[in-house]
Every structure is written in C-alpha cells, then in structure tokens.
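Every read-out reported here was derived from the displayed coordinates using simple, explicitly stated rules and does not represent laboratory data. Bear in mind the structure is a predicted one, so any value in this text is a computation, not a measurement. Neighbour counts run over all protein chains shown; Cβ positions are idealised from the backbone, glycine included.
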Amino acid sequence: MQTCPARLSPGDDLRVAVERLLNQSASRAAFVVQGIGSLSVAQLRFAGAEAPAELRGDLEILTLAGSVSPDGAHLHMSVADARGRVFGGHVARGCIVRTTVELLLALLPDHGFSREIDPATGYAELQIRPAPR
C-alpha cells in the first residue's frame, strides 16, 4: 500500500478531484481512508433516493471515505451545517470545496478495482482483482 495525502483547494469539485488523483497515479485501486474540510455546496444522495440533494452554506466535512476505481468513485460523506445539523450519504459530483479539503488516499498497486453490474443488486458493484503484471 502507498499513501497519497492530498489537499484540495477552494472551488475544486471533491469527487472529480478524488477520481483525478487515482488517474494520475500508476495504481488502478484506492481507498479514501478519511477526509476533513469544508464545502460551500454538497451534493449527497440519501439512502434509497434517485437523485442527490443539494445542501448550500458553510458545511464542515465530518467524515469522508470510500473506494476509487478507474470506473469512478464510491464515496460516503457526512457534513454538518452552521447550526450543527448532520447530513450524510453518497457523494455526487458538484461538492464544491469552500476553504480546504484534506484527505488520505491509500493506493493499492497490487489490486485492480472495477465496477460491474451485480445481478443480485442491480447496481454496478466493486470487483477486486489482482493487478495486471
């Protein structure tokens, strides 16, 4: 395992930046171990919902974790608003960094991740294979 600490800047799209970090590495598999920071916009798809909900304002990231493959990221995040209310769900594109996001990406050079439709769930689920040599 290799670690890749990263800082995202104001205006960055969180999900796009995480996917870009993997694509810029030689690895084809990674996990976001943790992330903290702030957002001005969060796009979170709540459990069972078809589309993400948009939250706006001063938002603090409390947790950020997930898997990243060349097919995209599967990230979960919890955020708190300025009144301390907490929201959590799947991270969609359009989560905009307010001041900073600090995260740790764990690159797994011995593995290759992909997403394929699982007949049991109907969703594109993570497939884990040894990395091609």
Computed over the chain: relative contact order in percent, which uses C-alpha pairs under 8 Å that are six or more apart:
34
Distance in nm between pseudo-label sites at Phe46 and Ala131 (7 Å out along the Cβ direction from Cα)
4.0
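Taking the Cβ of each residue in Met77, Met1 as the centre, tally the other Cβ atoms inside 10 Å and list the residues starting with the fewest.
Listing Met77, Met1 from fewest to most nearby Cβ atoms yields Met1, Met77.
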Determine the gain in length on full extension of the stretch Ala80-Arg93; use 0.36 nm per residue of separation and subtract their C-alpha separation, reporting nm with one decimal.
2.8 nm
Size of the dipole of the chain about the Cα centre, Lys and Arg at +1 and Asp and Glu at -1 on the beta carbon, nothing else charged, in debye to 20?
160
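Given the -39500 (n - 2.57) contribution per DSSP H run of 4+ residues, what per-residue ellipticity at 222 nm results for the chain, rounded to the nearest 500 deg cm²/dmol? Could you put the intermediate results ahead of the total?
Working: 1 runs with 11 residues, N = 133.
When only DSSP H runs of four or more count, the value is -2500 deg cm²/dmol.
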Output the 0 to 90 degree angle, nearest 10, between the alpha-carbon long axis of helix 14-24 and the longest principal axis computed from the alpha carbons of the chain.
30
Label Ala26 and Arg7 with points 7 Å out from Cα along Cα→Cβ: what is the distance between them in nm?
2.7
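Using only Cα atoms, figure out Rg for the chain and give it as a multiple of 2.2 N^0.38 Å.
Cα-based Rg divided by the globular estimate yields 1.05.
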